[in-house]
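The values are calculated or read from the model by the stated rules, or taken from the named source; none is laboratory data. Quantities reported herein were computed from a predicted structural model and do not represent experimental measurements. Cβ coordinates were reconstructed from backbone atoms using ideal geometry, including for glycine residues, and neighbour counts include every protein chain displayed.
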Amino acid sequence: MRFWKGLAGQDARTSADSEDPALAGRTYAIPFGTVWDAIVALASGGLKGWKLARWDDQIGIVAADVTSWPIPLAATVLISVKLDANGQTRVDMSIRNVAEEGRLPINQRRIDRFFRALDSSLAVRPDQVLVARSATAPIIALVTAGALALACDNGSPDIPATDAVDPSAGSVAAETTPETAAPTTYQRTVVFVDTERDTTVFVSWDFENLTLGDSTRRTLRGWVGRGAQWLLLADEAWATGPSRSAPWRIVPTGNMRMIVGQDDVLREIYYQAGVRDVSVRIGDAVIEWIDSRGGRYRLLDGVARLGGEERSGRVMDVSGARTGSSKGSGEWALLVGGDQLELLLSDAEGSGQYRAWARLGADERFWPSVSVTWAETRSFERARRDIPVLWRFRSSDGSLRGEFQSVSAHHLTLDGTSPILPVLGVYEVDGTVSTDDYRVAVKGFLRHQQR
């Protein structure tokens, strides 16, 4: 038995900045939920010798027990699945021997075998693996964020970037061509919210990238809401060539520009056209919430400038992806109750299952299941459908409840193939939120979409 223990090797773990190419893990341009399901399936017996021990999709952790055959070496595996700063799915893995002895790197080979199996299960294309290293293939870096900051010409193409993986290295076990891959939509909304004064201010920028076999179709929409009045700043649609390495990346167009810092971190969005001068500067992160279904919600400090006047507030940065066509409605709301409450209520992907996260004073809360009903609607004739104007909600355990109503809104009718057309709307809302300890008057922002 001591011989087998000697083969077990030392504990091993992956990291995006590992100097060992075999321990770099993966960053996928694939929705979180798709990657999560594949990992759970592998850990549940999809890989020989693996047995699922526990999993938690709220914190993105999968634990498994692993034994090798014919070599009887036991180890415990911990897999972390999260969204990185760009909203892409990051997978890391650590493995620890049950026995403490060991010299040879069998655990590193276990890691390599797992990621090869995961690539195969996901049928990844080279452009979907943004970080993929192996012992036989060097890393090929993405372009620097500084280059992105210079991409400010009208109708800017994607920033050039090389493929992040060499298929000849064997990292991608199965591949589909762009023509056969299902279209993927990457959606991101960056909205400034200031509800602390009598006159509320909202600045919302909405980005959508639809990846097709031969192109990326992009849309950009921007609004300013002030004092219950909404102004549409931008409604642009254009196409660029297919994005190989970063299909999620947002690019400026028209009169909208961006300032991007290191690691592709968005620092400022500004718009200048005639007398209109609007900008949102994004500050430090306050809190980040991750939805196991693929949504990423970042609450940050921010400053908006409108016509020379600056306002401090919060910035909500929401990103996610969906594959194929999606029906139904999707919406999320940020509700603010002074210094007492900041509540995010979301079903951004339109599954019909809402979740809620909150900052209650110094505490944080999460409700995995919240029922939301449209208590009142009105007709929106241009789209030939009803839109909500009053919402009521209640968590499954009854500890969160409330209602809010539309104060003002702006709706766009989107292109569609049926008589009932898709709708995208932005709202200013107000209402009340109750928990076991609080009852708070709230104001906030809601993004609503019916596809």
Quick one: in the stretch 1-39, which of the residues that are at pLDDT below 85, among the charged types (D, E, K, R) and not in a helix (DSSP H, G or I) is farthest from the chain's Cα centre (by Cα)? 11
So which of 370, 429 ends up being aliphatic (A, V, I, L, M), out of contact with any Cys (no Cβ under 6 Å at 6 or more places or on another chain), under 22 Å from residue 295 (Cβ atoms) and without any contact (Cβ under 8 Å) to a residue 60 or more places away in the chain? 370
A careful count of residues in the stretch 404-429 that are over 24 Å from residue 220 (Cβ atoms), of a type in the set (A, V, I, L, M) and not in a strand (DSSP E or B) gives 1
Can you run down the residue pairs with Cβ atoms below 9 Å, 6 or more apart or on separate chains, where the first is in the stretch 245-256 and within 14 Å of residue 190 (Cβ to Cβ) and the partner is part of a loop (DSSP other than H, G, I, E, B) and at pLDDT 85 or above? 248/29
Which residues, counting only those in the stretch 341-369, are surrounded by 15 or more Cβ atoms within 10 Å (Cβ to Cβ) and hydroxyl-bearing (Ser, Thr, Tyr)? 346, 354
Restricting the stretch 311-331 to residues that are at pLDDT 90 or above and of a type in the set (A, V, I, L, M), which is nearest to residue 269 (Cα to Cα)? 315
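Which residue, of 268, 288, 310, 342, is acidic (Asp, Glu), over 29 Å from residue 29 (Cβ atoms), in contact with a Lys or Arg (Cβ under 6 Å, 6 or more places away or on another chain) and in a strand (DSSP E or B)?
After applying the criteria, what remains is 342.
Could you check the stretch 51-82 and list, in sequence order, the residues that are at pLDDT below 80 and not charged (D, E, K, R)?
Result: 58, 59, 68, 69, 70, 71, 72, 73, 74.
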Here is a list of conditions, (1) under 25 Å from residue 411 (Cβ atoms); (2) crowded, with 22+ Cβ neighbours inside 10 Å; (3) more than 19 Å from the chain's Cα centre (by Cα); (4) at pLDDT below 95, and residue 164 meets all of them except one; can you say which number that is? (1)
Within the stretch 277-310, the count of residues that are surrounded by 18 or more Cβ atoms within 10 Å (Cβ to Cβ), modelled with pLDDT of 90 or more and of a type in the set (Val, Ile, Thr) comes to 3
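So, restricting to strands (runs of 3 or more DSSP E) that lie completely within the stretch 176-258, which ones have at least 2 residues that are hydroxyl-bearing (Ser, Thr, Tyr)?
Strands (runs of 3 or more DSSP E) meeting the threshold: 184-194, 201-211, 216-226.
Kindly indicate whether residue 435 is buried (at least 18 other Cβ atoms within 10 Å of the Cβ), more than 24 Å from the chain's Cα centre (by Cα) and not charged (D, E, K, R).
yes
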What pairs come up if the first residue lies in the stretch 351-363 and is part of a loop (DSSP other than H, G, I, E, B), the second is of a type outside the set (Lys, Arg), and their beta carbons are under 8 Å apart, counting only those six or more places apart or on different chains? 351/328; 352/328; 353/347; 353/369; 361/339; 361/340
Residue hits (the stretch 211-230; free of Cβ contacts under 8 Å to residues at least 60 places away in the same chain and surrounded by fewer than 17 Cβ atoms within 10 Å (Cβ to Cβ)) are 212, 213, 214, 215, 217, 227
